[in-house]
Structures are given as C-alpha cells and as structure tokens.
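What follows draws every value from the coordinates through simple rules; no lab data is involved. On a predicted model such as this, the values are computed, not experimentally measured, just so you know. Every residue, glycine among them, receives a Cβ derived from its backbone with ideal geometry; neighbour counts consider all protein chains shown.
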Amino acid sequence: MTTSVRDEVGEIVLAFVAQHNPGAAPDRDEDMFETGRVNSLFVIQLISFLEERFGIKVGVDDLDLGHFATVNKVADFVLQKTQH
C-alpha cells in the first residue's frame, strides 16, 4: 500500500462526506460515528458510493461499522478490497 494511493482515496472519501455533511471536513482519524457526522443510514450511501466509484463489492462479511468509522479506515478498506 502506498501512501499516495491511500491519500488519494482519502481525498475522494472526504469530498463525499463533505458533500453530504455541511461544516468543516472531518480529520482523517476522527471517528465520524462518535462525532455524529455519519450514522448507519449514511453508511449505506457511503458503501454504495464506494462500490460504484472504486468497482468493489461490499459483502455481508464486510459490514463492520469499524471499516467506515474514519476516513483513514475507509481508505484502508477500499485498498484492501481493490488488492484482492
């Protein structure tokens, strides 16, 4: 995993979150569930976006909210899915 690819994915995720959540962009390690930026319904939208944007398939086994809590965790998840 290269940092530049992770950063690029993170920027795409940040843009998506910002588009649906007014205010300052979250820190990449901010737990967006704890701060109330996202909820379980938003995660469904995020998953749909990730599948379409990155050509990945999110299966039932992937539905751990921990994968989607922070921008960095989302980026790591996407990179893991695209490397398989």
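Miscellaneous remarks
- Here the sum of -39500 (n - 2.57) over DSSP H runs of 4 or more residues, divided by the residues of the chain, equals -17500 deg cm²/dmol at 222 nm, to the nearest 500.
- Separation of alpha-carbon centers, region 43-84 and region 11-40, rounded to whole Å: 15 Å
- Charge dipole (Cα centre; +1 on Lys/Arg Cβ, -1 on Asp/Glu Cβ; no other charges) of the chain amounts to roughly 200 debye.
- With a Förster radius of 35 Å applied to the beta-carbon distance between R6 and D61, the computed FRET efficiency rounds to 0.95.
- Simple rule: put +1 on each Lys or Arg Cβ and -1 on each Asp or Glu Cβ in the chain, find the dipole, and look at G66, F49, V13; the Cα lying farthest toward the positive end is F49.
- Among the listed values [x] 0.99; [y] 1.45; [z] 1.10, the one matching Cα Rg over 2.2 N^0.38 Å as calculated from this structure is [x].
- R0 of 25 Å, Cβ-Cβ distance N21-Q83: FRET efficiency to nearest 0.05: 0.30
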